[in-house]
Amino acid sequence: MALSLPAIMRTTAARLSALYFLLFALCAVLLVLYMTSLSARMLTAQTQETINDEVLGLARAYQRGGLPVLVRVVEARSRQPGANLYLIADTNGQILTGNVQSLEPGVIETEGWTTEPFSYRRFGEGELERQRNTAADQNETQSGQNEVQAEGEKGHNAIALVLRLPNQMIMLVGRDLGEPERFRAVIRRSLMLALGMMGLGGLLIWFFVGRAALKRIDSVSEASRRIMGGDLSGRLPVTGAGDEFDRLSENLNAMLARIATLNEGLKQVSDNIAHDLKTPLTRLRNRAEATLSGKQKTTDYRQALEGTIAESEQLIKTFNAILMISRLEAGYSSESTSRVDLAAAVRDVVELYEPVAEEAGVTLESSVEGDFAVNGNRELIGQALSNIVDNAIKYSTDATGKPAVRVALGRVGGEIRLAVSDNGQGIPDDADRARATERFVRLEKSRSQPGSGLGLSLAKAIMTFHNGRLDLLPANPGLSVVMGFPAREDH
(Lines give C-alpha, C1' and ligand atoms only; values in the text may rest on other atoms or scores of the structure.)
Protein backbone atom coordinates (compact mmCIF):
# COMPACT_ATOMS: atom_id res chain seq x y z
CA MET A 1 0.00 0.00 0.00
CA ALA A 2 1.61 3.26 -1.14
CA LEU A 3 1.90 5.96 1.49
CA SER A 4 0.64 8.99 -0.44
CA LEU A 5 -1.26 12.13 0.43
CA PRO A 6 -4.55 10.81 -1.04
CA ALA A 7 -4.16 7.67 1.09
CA ILE A 8 -3.58 9.78 4.20
CA MET A 9 -6.58 11.97 3.32
CA ARG A 10 -8.80 8.89 3.35
CA THR A 11 -8.02 8.24 7.01
CA THR A 12 -10.42 9.40 9.72
CA ALA A 13 -7.64 11.12 11.68
CA ALA A 14 -6.62 13.18 8.63
CA ARG A 15 -10.20 14.23 7.92
CA LEU A 16 -10.78 15.27 11.51
CA SER A 17 -7.51 17.20 11.49
CA ALA A 18 -8.53 19.00 8.30
CA LEU A 19 -11.92 19.87 9.77
CA TYR A 20 -10.35 21.23 12.97
CA PHE A 21 -7.85 23.23 10.93
CA LEU A 22 -10.58 24.82 8.83
CA LEU A 23 -12.66 25.66 11.89
CA PHE A 24 -9.66 27.18 13.64
CA ALA A 25 -8.69 29.19 10.55
CA LEU A 26 -12.25 30.51 10.16
CA CYS A 27 -12.42 31.53 13.83
CA ALA A 28 -9.00 33.17 13.60
CA VAL A 29 -9.97 35.18 10.50
CA LEU A 30 -13.25 36.34 12.05
CA LEU A 31 -11.50 37.30 15.28
CA VAL A 32 -8.79 39.29 13.52
CA LEU A 33 -11.32 41.04 11.28
CA TYR A 34 -13.41 41.94 14.31
CA MET A 35 -10.40 43.27 16.22
CA THR A 36 -9.20 45.20 13.16
CA SER A 37 -12.62 46.78 12.62
CA LEU A 38 -12.96 47.58 16.32
CA SER A 39 -9.52 49.18 16.45
CA ALA A 40 -10.24 51.19 13.31
CA ARG A 41 -13.50 52.48 14.81
CA MET A 42 -11.74 53.42 18.02
CA LEU A 43 -9.04 55.29 16.08
CA THR A 44 -11.69 57.06 14.01
CA ALA A 45 -13.55 58.09 17.17
CA GLN A 46 -10.29 59.34 18.67
CA THR A 47 -9.60 61.26 15.46
CA GLN A 48 -13.00 62.95 15.60
CA GLU A 49 -12.45 63.86 19.22
CA THR A 50 -9.07 65.45 18.32
CA ILE A 51 -10.71 67.42 15.50
CA ASN A 52 -13.41 68.69 17.85
CA ASP A 53 -10.74 69.92 20.26
CA GLU A 54 -8.97 71.69 17.36
CA VAL A 55 -12.22 73.30 16.26
CA LEU A 56 -12.90 74.57 19.79
CA GLY A 57 -9.41 76.16 19.93
CA LEU A 58 -9.88 77.83 16.56
CA ALA A 59 -13.33 79.05 17.60
CA ARG A 60 -11.81 80.73 20.64
CA ALA A 61 -9.15 82.35 18.42
CA TYR A 62 -11.84 83.64 16.06
CA GLN A 63 -13.82 85.06 18.96
CA ARG A 64 -10.71 86.90 20.23
CA GLY A 65 -9.61 88.60 17.03
CA GLY A 66 -11.82 87.65 14.19
CA LEU A 67 -10.60 86.41 10.84
CA PRO A 68 -6.99 87.82 11.02
CA VAL A 69 -6.25 86.03 14.31
CA LEU A 70 -7.89 82.84 12.98
CA VAL A 71 -5.73 82.90 9.85
CA ARG A 72 -2.53 83.41 11.87
CA VAL A 73 -3.40 80.52 14.18
CA VAL A 74 -4.22 78.23 11.21
CA GLU A 75 -0.94 79.10 9.47
CA ALA A 76 1.03 78.49 12.67
CA ARG A 77 -0.57 75.13 13.31
CA SER A 78 -0.24 74.08 9.67
CA ARG A 79 3.57 74.37 9.86
CA GLN A 80 3.89 72.10 12.93
CA PRO A 81 5.25 68.54 12.40
CA GLY A 82 2.46 66.00 12.07
CA ALA A 83 -0.13 68.76 11.82
CA ASN A 84 -3.78 68.14 11.15
CA LEU A 85 -5.46 69.35 7.98
CA TYR A 86 -6.34 73.04 8.02
CA LEU A 87 -8.06 74.96 5.27
CA ILE A 88 -9.81 78.32 4.98
CA ALA A 89 -11.60 79.07 1.70
CA ASP A 90 -13.77 81.88 0.42
CA THR A 91 -17.43 81.49 -0.40
CA ASN A 92 -16.54 80.17 -3.86
CA GLY A 93 -14.36 77.39 -2.49
CA GLN A 94 -11.06 79.08 -3.39
CA ILE A 95 -8.39 78.01 -0.86
CA LEU A 96 -6.97 81.03 0.97
CA THR A 97 -4.73 79.47 3.60
CA GLY A 98 -3.87 76.15 5.25
CA ASN A 99 -1.72 73.12 4.48
CA VAL A 100 -4.04 71.55 1.89
CA GLN A 101 -3.19 72.01 -1.77
CA SER A 102 -6.20 70.25 -3.29
CA LEU A 103 -9.28 68.34 -2.21
CA GLU A 104 -11.60 65.79 -3.67
CA PRO A 105 -14.41 67.71 -5.39
CA GLY A 106 -17.51 68.40 -3.30
CA VAL A 107 -15.92 67.99 0.12
CA ILE A 108 -16.36 71.59 1.34
CA GLU A 109 -19.76 72.05 -0.23
CA THR A 110 -21.55 70.31 2.64
CA GLU A 111 -21.30 71.61 6.21
CA GLY A 112 -20.61 69.12 9.03
CA TRP A 113 -18.69 65.85 9.21
CA THR A 114 -17.74 64.27 5.93
CA THR A 115 -19.80 61.13 5.39
CA GLU A 116 -16.94 59.23 3.74
CA PRO A 117 -13.14 59.54 3.84
CA PHE A 118 -11.90 61.86 1.05
CA SER A 119 -8.60 62.16 -0.78
CA TYR A 120 -6.38 65.24 -0.66
CA ARG A 121 -2.87 66.53 -1.37
CA ARG A 122 -0.69 68.62 0.90
CA PHE A 123 1.50 71.54 -0.16
CA GLY A 124 5.00 70.49 -1.28
CA GLU A 125 4.04 66.87 -1.78
CA GLY A 126 5.32 66.71 -5.38
CA GLU A 127 8.83 67.79 -4.35
CA LEU A 128 8.93 65.12 -1.63
CA GLU A 129 7.96 62.44 -4.15
CA ARG A 130 10.75 63.48 -6.55
CA GLN A 131 13.32 63.37 -3.76
CA ARG A 132 12.08 59.95 -2.68
CA ASN A 133 12.24 58.52 -6.21
CA THR A 134 15.81 59.81 -6.57
CA ALA A 135 16.80 58.16 -3.30
CA ALA A 136 15.16 54.92 -4.42
CA ASP A 137 17.22 54.90 -7.63
CA GLN A 138 20.42 55.41 -5.66
CA ASN A 139 19.70 52.69 -3.07
CA GLU A 140 17.52 49.81 -4.30
CA THR A 141 17.88 47.90 -1.05
CA GLN A 142 15.45 50.35 0.60
CA SER A 143 12.76 50.07 -2.07
CA GLY A 144 10.32 48.39 0.31
CA GLN A 145 10.63 51.20 2.85
CA ASN A 146 10.23 53.88 0.15
CA GLU A 147 7.10 52.13 -1.07
CA VAL A 148 5.60 52.24 2.40
CA GLN A 149 6.52 55.91 2.76
CA ALA A 150 5.05 56.69 -0.64
CA GLU A 151 1.80 55.03 0.36
CA GLY A 152 1.73 57.33 3.38
CA GLU A 153 2.31 60.49 1.32
CA LYS A 154 0.24 60.14 -1.83
CA GLY A 155 -3.28 59.08 -2.27
CA HIS A 156 -4.06 60.25 1.31
CA ASN A 157 -7.48 59.75 2.85
CA ALA A 158 -8.85 61.86 5.67
CA ILE A 159 -12.00 62.81 7.55
CA ALA A 160 -12.84 66.39 8.39
CA LEU A 161 -15.33 68.78 9.91
CA VAL A 162 -16.51 71.54 7.55
CA LEU A 163 -17.80 74.79 9.14
CA ARG A 164 -19.30 78.03 7.82
CA LEU A 165 -17.90 81.14 9.48
CA PRO A 166 -20.18 84.10 10.24
CA ASN A 167 -18.82 85.90 7.13
CA GLN A 168 -19.80 82.81 5.05
CA MET A 169 -16.20 81.75 4.57
CA ILE A 170 -15.45 78.02 4.83
CA MET A 171 -13.13 76.40 7.37
CA LEU A 172 -12.09 72.74 7.25
CA VAL A 173 -10.31 70.93 10.05
CA GLY A 174 -9.40 67.29 9.38
CA ARG A 175 -7.02 64.47 10.20
CA ASP A 176 -5.24 61.99 7.99
CA LEU A 177 -6.42 58.33 8.17
CA GLY A 178 -3.02 56.93 7.30
CA GLU A 179 -2.45 55.50 10.77
CA PRO A 180 -5.65 53.37 10.85
CA GLU A 181 -4.99 52.26 7.27
CA ARG A 182 -1.42 51.30 8.07
CA PHE A 183 -2.70 49.44 11.15
CA ARG A 184 -5.13 47.46 9.01
CA ALA A 185 -2.40 46.73 6.47
CA VAL A 186 -0.07 45.43 9.19
CA ILE A 187 -2.82 43.25 10.66
CA ARG A 188 -3.70 41.92 7.21
CA ARG A 189 -0.10 41.01 6.42
CA SER A 190 0.36 39.46 9.88
CA LEU A 191 -2.79 37.42 9.43
CA MET A 192 -1.72 36.13 6.03
CA LEU A 193 1.73 35.25 7.34
CA ALA A 194 0.34 33.53 10.45
CA LEU A 195 -2.21 31.55 8.47
CA GLY A 196 0.43 30.59 5.90
CA MET A 197 2.82 29.34 8.58
CA MET A 198 0.02 27.57 10.39
CA GLY A 199 -1.15 25.93 7.18
CA LEU A 200 2.37 24.81 6.26
CA GLY A 201 3.02 23.46 9.77
CA GLY A 202 -0.36 21.75 9.81
CA LEU A 203 0.31 20.07 6.46
CA LEU A 204 3.77 18.88 7.56
CA ILE A 205 2.49 17.48 10.87
CA TRP A 206 -0.51 16.08 9.07
CA PHE A 207 1.67 14.30 6.53
CA PHE A 208 4.23 12.83 8.92
CA VAL A 209 1.73 11.86 11.65
CA GLY A 210 -0.66 10.39 9.09
CA ARG A 211 2.23 8.56 7.44
CA ALA A 212 3.28 7.01 10.76
CA ALA A 213 -0.32 6.04 11.56
CA LEU A 214 -0.71 4.52 8.12
CA LYS A 215 2.47 2.46 8.62
CA ARG A 216 1.04 1.12 11.88
CA ILE A 217 -2.21 0.21 10.14
CA ASP A 218 -0.29 -1.48 7.32
CA SER A 219 1.69 -3.60 9.80
CA VAL A 220 -1.54 -4.59 11.56
CA SER A 221 -3.16 -5.45 8.22
CA GLU A 222 -0.15 -7.55 7.17
CA ALA A 223 -0.17 -9.45 10.47
CA SER A 224 -3.94 -9.97 10.12
CA ARG A 225 -3.49 -11.42 6.62
CA ARG A 226 -0.89 -13.89 7.93
CA ILE A 227 -3.22 -14.93 10.75
CA MET A 228 -6.15 -15.35 8.36
CA GLY A 229 -3.84 -17.45 6.18
CA GLY A 230 -3.64 -20.00 8.98
CA ASP A 231 -0.68 -18.82 11.07
CA LEU A 232 -2.49 -18.67 14.42
CA SER A 233 0.84 -18.21 16.21
CA GLY A 234 1.21 -14.75 14.65
CA ARG A 235 0.54 -11.66 16.73
CA LEU A 236 -0.11 -8.00 15.98
CA PRO A 237 2.90 -5.70 16.46
CA VAL A 238 3.21 -3.71 19.70
CA THR A 239 5.68 -0.79 19.70
CA GLY A 240 5.56 -0.11 23.44
CA ALA A 241 4.34 3.48 22.99
CA GLY A 242 1.22 2.74 25.02
CA ASP A 243 -1.05 4.53 22.54
CA GLU A 244 -4.42 3.40 21.24
CA PHE A 245 -2.79 1.23 18.56
CA ASP A 246 -0.80 -0.64 21.20
CA ARG A 247 -3.88 -1.09 23.40
CA LEU A 248 -5.85 -2.41 20.43
CA SER A 249 -3.02 -4.76 19.44
CA GLU A 250 -2.66 -6.06 23.00
CA ASN A 251 -6.39 -6.80 23.25
CA LEU A 252 -6.43 -8.51 19.86
CA ASN A 253 -3.32 -10.51 20.78
CA ALA A 254 -5.04 -11.65 23.97
CA MET A 255 -8.06 -12.64 21.89
CA LEU A 256 -5.84 -14.56 19.46
CA ALA A 257 -4.14 -16.35 22.34
CA ARG A 258 -7.56 -17.29 23.71
CA ILE A 259 -8.67 -18.52 20.28
CA ALA A 260 -5.49 -20.60 19.97
CA THR A 261 -6.14 -22.10 23.39
CA LEU A 262 -9.74 -22.89 22.45
CA ASN A 263 -8.64 -24.47 19.17
CA GLU A 264 -6.14 -26.62 21.03
CA GLY A 265 -8.84 -27.57 23.50
CA LEU A 266 -11.21 -28.36 20.64
CA LYS A 267 -8.60 -30.59 19.06
CA GLN A 268 -8.06 -32.35 22.37
CA VAL A 269 -11.80 -32.73 22.91
CA SER A 270 -12.19 -34.17 19.43
CA ASP A 271 -9.44 -36.70 20.12
CA ASN A 272 -11.00 -37.64 23.46
CA ILE A 273 -14.47 -37.97 21.93
CA ALA A 274 -13.09 -40.23 19.21
CA HIS A 275 -11.32 -42.36 21.81
CA ASP A 276 -14.15 -42.54 24.34
CA LEU A 277 -16.89 -43.22 21.80
CA LYS A 278 -14.86 -45.70 19.81
CA THR A 279 -14.67 -48.13 22.72
CA PRO A 280 -18.44 -48.47 23.43
CA LEU A 281 -19.25 -48.53 19.72
CA THR A 282 -16.68 -51.28 19.22
CA ARG A 283 -18.22 -53.24 22.08
CA LEU A 284 -21.67 -52.86 20.53
CA ARG A 285 -20.42 -54.12 17.18
CA ASN A 286 -18.50 -57.03 18.69
CA ARG A 287 -21.46 -58.05 20.83
CA ALA A 288 -23.74 -58.01 17.79
CA GLU A 289 -21.31 -60.06 15.73
CA ALA A 290 -20.82 -62.57 18.54
CA THR A 291 -24.55 -62.93 18.95
CA LEU A 292 -25.16 -63.46 15.24
CA SER A 293 -22.36 -65.99 14.82
CA GLY A 294 -23.24 -69.55 15.56
CA LYS A 295 -26.41 -70.91 17.07
CA GLN A 296 -27.60 -68.88 20.03
CA LYS A 297 -30.41 -69.42 22.45
CA THR A 298 -33.17 -66.96 23.15
CA THR A 299 -31.57 -66.00 26.44
CA ASP A 300 -28.31 -65.17 24.62
CA TYR A 301 -30.11 -62.79 22.27
CA ARG A 302 -31.85 -61.20 25.22
CA GLN A 303 -28.59 -60.66 27.08
CA ALA A 304 -27.02 -59.18 23.94
CA LEU A 305 -29.89 -56.74 23.50
CA GLU A 306 -29.79 -55.75 27.17
CA GLY A 307 -26.05 -55.06 26.90
CA THR A 308 -26.64 -53.03 23.74
CA ILE A 309 -29.31 -50.98 25.48
CA ALA A 310 -26.99 -50.34 28.43
CA GLU A 311 -24.17 -49.20 26.13
CA SER A 312 -26.64 -47.01 24.21
CA GLU A 313 -27.88 -45.45 27.45
CA GLN A 314 -24.30 -44.56 28.37
CA LEU A 315 -23.75 -42.99 24.96
CA ILE A 316 -26.96 -41.00 25.27
CA LYS A 317 -25.89 -39.77 28.70
CA THR A 318 -22.56 -38.69 27.25
CA PHE A 319 -24.19 -36.71 24.46
CA ASN A 320 -26.74 -35.21 26.84
CA ALA A 321 -23.90 -34.06 29.09
CA ILE A 322 -22.10 -32.50 26.11
CA LEU A 323 -25.28 -30.65 25.06
CA MET A 324 -25.95 -29.48 28.62
CA ILE A 325 -22.39 -28.17 29.04
CA SER A 326 -22.55 -26.30 25.71
CA ARG A 327 -25.92 -24.80 26.57
CA LEU A 328 -24.82 -23.65 30.02
CA GLU A 329 -21.48 -22.25 28.80
CA ALA A 330 -23.26 -20.33 26.04
CA GLY A 331 -25.28 -18.53 28.71
CA TYR A 332 -28.59 -19.91 27.52
CA SER A 333 -30.71 -22.29 29.50
CA SER A 334 -34.41 -22.87 29.77
CA GLU A 335 -33.90 -24.11 33.31
CA SER A 336 -35.86 -22.07 35.85
CA THR A 337 -34.33 -20.87 39.09
CA SER A 338 -35.86 -20.55 42.52
CA ARG A 339 -34.93 -20.84 46.18
CA VAL A 340 -32.93 -24.04 46.72
CA ASP A 341 -32.28 -25.56 50.14
CA LEU A 342 -28.71 -26.82 49.87
CA ALA A 343 -28.94 -28.79 53.11
CA ALA A 344 -31.86 -30.80 51.75
CA ALA A 345 -30.02 -31.33 48.45
CA VAL A 346 -26.96 -32.64 50.32
CA ARG A 347 -29.08 -35.06 52.39
CA ASP A 348 -30.82 -36.38 49.26
CA VAL A 349 -27.55 -37.00 47.36
CA VAL A 350 -25.86 -38.63 50.37
CA GLU A 351 -28.85 -40.87 50.92
CA LEU A 352 -28.84 -41.79 47.21
CA TYR A 353 -25.12 -42.73 47.15
CA GLU A 354 -24.92 -44.48 50.51
CA PRO A 355 -25.65 -47.94 48.98
CA VAL A 356 -23.08 -47.29 46.23
CA ALA A 357 -20.44 -46.26 48.77
CA GLU A 358 -21.23 -49.20 51.00
CA GLU A 359 -20.88 -51.60 48.09
CA ALA A 360 -17.51 -50.08 47.21
CA GLY A 361 -16.35 -50.22 50.82
CA VAL A 362 -16.25 -46.43 51.18
CA THR A 363 -17.46 -44.54 54.22
CA LEU A 364 -19.78 -41.68 53.14
CA GLU A 365 -20.65 -39.04 55.72
CA SER A 366 -21.99 -35.49 55.67
CA SER A 367 -21.63 -32.41 57.84
CA VAL A 368 -24.19 -29.61 57.45
CA GLU A 369 -23.78 -26.55 59.67
CA GLY A 370 -27.22 -24.98 59.54
CA ASP A 371 -29.74 -24.38 56.78
CA PHE A 372 -28.53 -22.59 53.66
CA ALA A 373 -30.50 -21.44 50.64
CA VAL A 374 -29.34 -20.13 47.26
CA ASN A 375 -30.98 -18.96 44.04
CA GLY A 376 -30.67 -21.74 41.51
CA ASN A 377 -32.05 -24.87 39.92
CA ARG A 378 -32.39 -27.83 42.27
CA GLU A 379 -32.02 -30.46 39.54
CA LEU A 380 -28.83 -28.93 38.15
CA ILE A 381 -27.28 -28.49 41.59
CA GLY A 382 -28.22 -32.07 42.47
CA GLN A 383 -26.67 -33.34 39.23
CA ALA A 384 -23.40 -31.43 39.85
CA LEU A 385 -23.20 -32.71 43.44
CA SER A 386 -23.98 -36.25 42.29
CA ASN A 387 -21.17 -36.16 39.70
CA ILE A 388 -18.69 -34.92 42.30
CA VAL A 389 -19.74 -37.50 44.94
CA ASP A 390 -19.63 -40.27 42.34
CA ASN A 391 -16.05 -39.27 41.37
CA ALA A 392 -15.02 -39.09 45.03
CA ILE A 393 -16.32 -42.60 45.73
CA LYS A 394 -14.71 -43.93 42.56
CA TYR A 395 -11.22 -42.52 43.24
CA SER A 396 -11.16 -42.92 47.04
CA THR A 397 -10.92 -46.69 46.72
CA ASP A 398 -7.16 -46.37 46.14
CA ALA A 399 -6.62 -44.79 49.57
CA THR A 400 -3.83 -46.16 51.74
CA GLY A 401 -6.21 -46.41 54.71
CA LYS A 402 -9.94 -46.94 54.90
CA PRO A 403 -11.60 -45.11 51.96
CA ALA A 404 -13.82 -42.25 53.09
CA VAL A 405 -15.78 -39.41 51.46
CA ARG A 406 -17.03 -36.43 53.43
CA VAL A 407 -19.59 -33.86 52.26
CA ALA A 408 -19.49 -30.54 54.20
CA LEU A 409 -21.77 -27.51 53.90
CA GLY A 410 -21.01 -24.18 55.58
CA ARG A 411 -20.56 -20.44 55.19
CA VAL A 412 -17.25 -18.64 54.71
CA GLY A 413 -17.66 -14.88 54.59
CA GLY A 414 -20.27 -13.96 52.02
CA GLU A 415 -20.11 -17.32 50.29
CA ILE A 416 -21.80 -20.67 50.89
CA ARG A 417 -19.36 -23.51 50.33
CA LEU A 418 -20.24 -27.10 49.59
CA ALA A 419 -17.10 -29.28 49.75
CA VAL A 420 -16.73 -32.97 48.82
CA SER A 421 -13.45 -34.47 50.09
CA ASP A 422 -11.91 -37.92 49.71
CA ASN A 423 -8.74 -39.52 51.05
CA GLY A 424 -7.56 -41.12 47.83
CA GLN A 425 -4.44 -40.36 45.82
CA GLY A 426 -5.80 -36.95 44.77
CA ILE A 427 -4.26 -34.75 42.06
CA PRO A 428 -0.92 -33.41 43.31
CA ASP A 429 -0.09 -31.30 40.25
CA ASP A 430 -1.74 -27.85 40.04
CA ALA A 431 -1.81 -27.97 36.23
CA ASP A 432 -3.58 -31.33 36.28
CA ARG A 433 -6.18 -30.00 38.75
CA ALA A 434 -6.87 -27.11 36.35
CA ARG A 435 -7.24 -29.53 33.40
CA ALA A 436 -9.50 -31.91 35.30
CA THR A 437 -12.54 -29.70 34.70
CA GLU A 438 -12.10 -29.67 30.92
CA ARG A 439 -14.26 -31.81 28.68
CA PHE A 440 -13.23 -35.45 28.22
CA VAL A 441 -10.05 -34.93 30.26
CA ARG A 442 -9.30 -38.07 32.25
CA LEU A 443 -6.08 -37.99 34.21
CA GLU A 444 -6.15 -41.75 34.48
CA LYS A 445 -4.00 -42.73 31.52
CA SER A 446 -5.31 -46.32 31.35
CA ARG A 447 -8.95 -45.16 31.38
CA SER A 448 -9.85 -48.37 33.19
CA GLN A 449 -12.40 -46.59 35.40
CA PRO A 450 -15.89 -46.19 33.92
CA GLY A 451 -16.95 -42.74 32.85
CA SER A 452 -16.58 -40.23 30.03
CA GLY A 453 -14.59 -37.41 31.66
CA LEU A 454 -17.54 -35.04 31.61
CA GLY A 455 -18.61 -35.10 35.28
CA LEU A 456 -16.44 -32.24 36.54
CA SER A 457 -16.90 -30.32 33.26
CA LEU A 458 -20.66 -30.40 33.73
CA ALA A 459 -20.31 -29.44 37.39
CA LYS A 460 -18.18 -26.44 36.45
CA ALA A 461 -20.68 -25.34 33.79
CA ILE A 462 -23.52 -25.65 36.33
CA MET A 463 -21.60 -23.54 38.86
CA THR A 464 -20.92 -20.92 36.18
CA PHE A 465 -24.65 -20.87 35.43
CA HIS A 466 -25.27 -20.15 39.13
CA ASN A 467 -22.63 -17.35 39.20
CA GLY A 468 -20.54 -19.56 41.46
CA ARG A 469 -17.19 -21.29 41.19
CA LEU A 470 -15.74 -24.79 41.28
CA ASP A 471 -12.29 -25.29 42.83
CA LEU A 472 -10.18 -28.43 43.10
CA LEU A 473 -7.94 -28.27 46.18
CA PRO A 474 -5.52 -30.77 47.73
CA ALA A 475 -6.97 -32.44 50.84
CA ASN A 476 -3.68 -34.03 52.03
CA PRO A 477 -4.38 -36.80 51.41
CA GLY A 478 -6.93 -36.86 48.65
CA LEU A 479 -8.82 -34.18 46.79
CA SER A 480 -11.39 -31.61 47.88
CA VAL A 481 -13.86 -30.28 45.33
CA VAL A 482 -15.40 -26.99 46.53
CA MET A 483 -18.61 -25.55 45.12
CA GLY A 484 -18.88 -21.85 46.03
CA PHE A 485 -22.35 -20.26 45.84
CA PRO A 486 -23.12 -16.56 46.29
CA ALA A 487 -25.36 -16.22 49.37
CA ARG A 488 -28.91 -14.95 48.96
CA GLU A 489 -29.38 -11.32 50.01
CA ASP A 490 -32.37 -12.17 52.18
CA HIS A 491 -30.52 -14.94 54.00
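Regarding the stretch 228-247, can at least one residue be identified that is among the hydroxyl-bearing types (Ser, Thr, Tyr), open to solvent by 70 Å² or more (accessible area, probe 1.4 Å) and at pLDDT 75 or above?
yes
State which residue pairs qualify: first residue closer than 18 Å to Met169 by Cβ and at pLDDT 85 or above and inside the stretch 95-106, second residue open to solvent by 80 Å² or more (accessible area, probe 1.4 Å) and not in a strand (DSSP E or B) in any location, beta carbons under 8 Å apart, and separation of 6 or more residues or different chains.
Short answer, once both residue conditions are applied: Asn99/Arg79; Asn99/Phe123; Val100/Phe123.
Please specify each residue of the stretch 79-109 satisfying the condition of being open to solvent by 20 Å² or more (accessible area, probe 1.4 Å), among the polar types (S, T, N, Q) and in a loop (DSSP other than H, G, I, E, B).
Correct list: Gln80, Thr91, Asn92, Gln94.
Can you pull out every residue in the stretch 313-352 that is open to solvent by less than 40 Å² (accessible area, probe 1.4 Å) and either of a type in the set (S, T, N, Q) or at pLDDT 85 or above (or both)?
Of everything in the stretch 313-352, those that are open to solvent by less than 40 Å² (accessible area, probe 1.4 Å) and either of a type in the set (S, T, N, Q) or at pLDDT 85 or above (or both) turn out to be Thr318, Ser333, Val340, Leu342, Ala343, Ala344, Ala345, Val346, Val349, Val350.
Mind checking which pairs have a first residue in the stretch 239-257 that is touching a residue at least 24 places away in the same chain (Cβ under 8 Å) and of a type outside the set (D, E, K, R) and a second that is open to solvent by less than 100 Å² (accessible area, probe 1.4 Å) and in a helix (DSSP H, G or I), Cβ under 6 Å, 6 or more apart or different chains?
So the pair list comes out as Phe245/Arg216.
Which of the residues belonging to the stretch 380-390 are within 14 Å of Ala360 (Cα to Cα) and open to solvent by 40 Å² or more (accessible area, probe 1.4 Å)?
Initially, the stretch 380-390 is screened for residues within 14 Å of Ala360 (Cα to Cα), giving 389-390.
Result: Asp390, single match.
Just need a number here: residues in the stretch 13-47 that are open to solvent by 80 Å² or more (accessible area, probe 1.4 Å) and of a type in the set (Ser, Thr, Tyr).
Residues that pass the stated criteria total 2.
Specify which of the listed residues (Leu177, Leu195, Leu236) is under 30 Å from Gly93 (Cα atoms) and either in contact (Cβ under 8 Å) with a residue 12 or more places away in the chain or of a type in the set (A, V, I, L, M, F, W, C) (or both).
Numbers: Leu195 fails: under 30 Å from Gly93 (Cα atoms); Leu236 fails: under 30 Å from Gly93 (Cα atoms).
Just one listed residue meets the conditions, Leu177.
Report yes if some residue within the stretch 397-412 is outside any loop (DSSP other than H, G, I, E, B) and among the hydroxyl-bearing types (Ser, Thr, Tyr); otherwise report no.
There is no residue in the stretch 397-412 that is outside any loop (DSSP other than H, G, I, E, B) and among the hydroxyl-bearing types (Ser, Thr, Tyr).
Quick one: which of Arg225, Arg258 is over 30 Å from Arg435 (Cβ atoms) and either over 18 Å from the mean Cα position of the chain (by Cα) or surrounded by 15 or more Cβ atoms within 10 Å (Cβ to Cβ) (or both)?
Arg225
I'm checking my understanding of the structure. Among residues of the stretch 65-76 that are over 11 Å from Leu172 (Cα atoms) and in contact (Cβ under 8 Å) with a residue 12 or more places away in the chain, which one is least open to solvent (accessible area, probe 1.4 Å)?
Checked the stretch 65-76; the qualifying residue least open to solvent (accessible area, probe 1.4 Å) is Leu70.
Does Arg184 count as basic (Lys, Arg), at pLDDT 80 or above and open to solvent by 80 Å² or more (accessible area, probe 1.4 Å)?
no
Against the condition farther than 30 Å from Phe465 by Cα and either open to solvent by 100 Å² or more (accessible area, probe 1.4 Å) or charged (D, E, K, R) (or both), how does Thr308 come out, does it pass?
no
The values are calculated or read from the model by the stated rules, or taken from the named source; none is laboratory data. Please read all numbers here as calculations on a predicted model, not as lab measurements. Backbone-built Cβ (ideal geometry, glycine too); neighbour counts: all protein chains shown. Accessible surface areas use protein heavy atoms only, side chains included; no ligands, DNA or RNA. Shrake-Rupley method; radii C 1.70, N 1.55, O 1.52, S 1.80 Å.
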